[in-house]
1. In sequence order, what are the phi-derived ³J(HN,Hα) couplings for the range 29-42 according to the Karplus relation 6.51 cos²θ - 1.76 cosθ + 1.60 with θ = phi - 60°, rounded to whole Hz, with x for glycine and proline?
2. What percentage of the solvent-accessible surface of the range 309-362, computed with a 1.4 Å probe over protein heavy atoms, is contributed by carbon and sulfur atoms?
3. How large is the accessible surface per residue of the chain, computed with a 1.4 Å probe and reported in Å² as a whole number?
4. Amide H neighbours of Tyr343 under 5 Å, at least 5 residues apart or on other chains, H built in the peptide plane: list them.
5. Please arrange Lys107, Lys244 by accessible surface area, largest first, computed with a 1.4 Å probe and ligands excluded.
6. Report, to the nearest whole %, how much of the accessible area of the range 150-204 belongs to carbon and sulfur atoms, 1.4 Å probe, protein only.
7. Go through Ser45, Ser164, Ser209, Ser312 and list them by solvent-accessible area, largest first, probe radius 1.4 Å.
8. Using protein chains only and a probe of 1.4 angstrom, how many square angstrom of Arg95 are accessible, to the nearest 10?
Amino acid sequence: MSSFAKDFSKAMSQAGTSQFQEVIRQELEYSMKVELDKILATAPSNELEHAKKDLEGFKKLFHRFLQEKGPSVDWGKIQRPPEDSIQPYEKIKARGLPDNIASVLNKLVVVKLNGGLGTSMGCKGPKSLIGVRNENTFLDLTVQQIEHLNKSYNTDVPLVLMNSFNTDDDTKKILQKYSHSRVKIYTFNQSRYPRINKETLLPIAKDVSYSGENTECWYPPGHGDIYASFYNSGLLDNLIAEGKEYIFVSNIDNLGATVDLYILNHLMNPPNGKRCEFVMEVTNKTRADVKTLDGGLNVIQLETAVGAAIKSFENSLGINVPRSRFLPVKTTSDLLLVMSNLYSLNAGSLTMSEKREFPTVPLVKLGSSFTKVQDYLRRFESIPDMLELDHLTVSGDVTFGKNVSLKGTVIIIANHGDRIDIPAGALLENKIVSGNLRILDH
């Protein structure tokens with residue numbers, strides 16, 4: 001067979017495959033539409049409009065999902081961003097602050113993503129209501145931060161919480177405690193999307209309810225949903241009418257994500273006069289960023305990320321900020337860090353203690369016995385002194401007495417059936433503790 005014939009045959013084969021795939025995609029989208037229409041038909045009249053917007057948004061995301069080919073990221077095509085697209089924070093800070101910083105602040109809205117539950121840490125209800133420092137919750141600290149800002153500069157920076165259907169009711173109940181604070185607090189709900197069976201690619205939900213047996217059928221579709229949900233809520237239009245121009249968005253469990261006046265000033269008063277529409281804070285990776293994923297998923301949930309919208313804005317900029325602005329609390333290992341004397345608390349903000357000689361955060365790995373907050377708290381009579389700690393690994397049945405000090409690298413491993421009680425007042429410096437150590441009352 002000639003080369004021309006081979007190429008022609010290959011092209012025809014590829015065209016046939018492409019047409020077949022397109023037919024499959026169309027059939028899947030039609031089947032999805034039929035199922036979503038059935039679900040929508042079960043919506044009460046007072047929920048119909050909201051449910052319709054949610055499912056329309058899901059259909060668009062499902063369409064994108066079907067259009068994607070190959071891996072989500074082709075790492076071979078990833079290149080370094082242009083040299084000027086990421087600026088060091090020190091350069092931004094060096095510009096200083098203008099005299100009219102209050103007028104700049106009055107154009108700002110702080111948005112916290114508040115859709116997550118505390119289930120991964122063994123808690124019920126919104127994660128934002130977990131106590132993290134001196135009995136203050138994530139939400140308490142957030143309100144304190146913004147209230148301090150408003151009092152210090154005589155401004156009116158509001159707090160907006162993007163709740164999910166999982167967190168909305170409990171969050172609204174607790175907001176009453178802040179009624180006398182100097183912070184206006186608003187809420188809106190992010191979308192509610194149906195999980196789909198990974199075999200049939202159809203929703204596992206049969207109606208719009210999300211309680212009881214249907215709890216696992218729905219999910220909030222990631223923080224990238226903020227744009228559509230904020231707009232659909234009507235709250236965005238109200239804030240724009242009040243003269244607000246910019247939003248600062250972060251997860252409510254990131255205790256380092258406070259309003260930075262230098263970044264805000266750079267955003268609103270760029271040195272070259274060219275208005276920047278989107279700033280993304282980026283930070284260098286550390287050892288703590290290395291994660292592993294569990295496999296064996298039976299369902300698929302489609303999500304989007306808030307930062308992915310950077311391509312939709314003009315004159316976007318990345319700012320390489322200090323690691324201190326990235327302080328998420330995802331596990332009890334993170335919780336131990338923020339509860340310790342590594343940090344001091346002032347007006348809702350955590351800052352690294354001046355007594356720590358180096359600015360890096362210790363690497364802490366607590367075992368499965370510490371996963372739930374209730375178990376974690378029971379195993380520490382008091383939080384250890386960690387000012388000189390570099391690395392802590394704890395595995396098995398381990399408890400800590402009062403006033404324990406940990407320095408350097410400390411590894412404590414209680415094998416199955418063993419128990420280790422670290423006695424009160426103990427100093428562990430560059431130590432490996434294993435075996436069985438019981439401290440009994442008498």
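The values are calculated or read from the model by the stated rules, or taken from the named source; none is laboratory data. All values derive from a computational prediction rather than experimental measurement. With ideal geometry, Cβ positions are generated from the backbone for all residues, glycine too; neighbour counts draw on all protein chains shown. These area figures cover heavy atoms from the full protein model, side chains too; ligands, DNA and RNA do not enter into them. Shrake-Rupley method; radii C 1.70, N 1.55, O 1.52, S 1.80 Å.
1. For the range 29-42, the Karplus-derived couplings read 5, 5, 4, 5, 4, 4, 5, 5, 5, 5, 5, 4, 5, 8 Hz, x marking Gly and Pro.
2. Carbon plus sulfur share of accessible area: 55 percent.
3. Spelled out: the 1.4 Å probe surface of the chain, per residue, equals 57 Å².
4. Sorted by chain and number, the residues that satisfy this are Ser353.
5. Result, largest first: Lys107, Lys244.
6. Carbon plus sulfur share of accessible area: 43 percent.
7. Ser45, Ser312, Ser209, Ser164
8. 100
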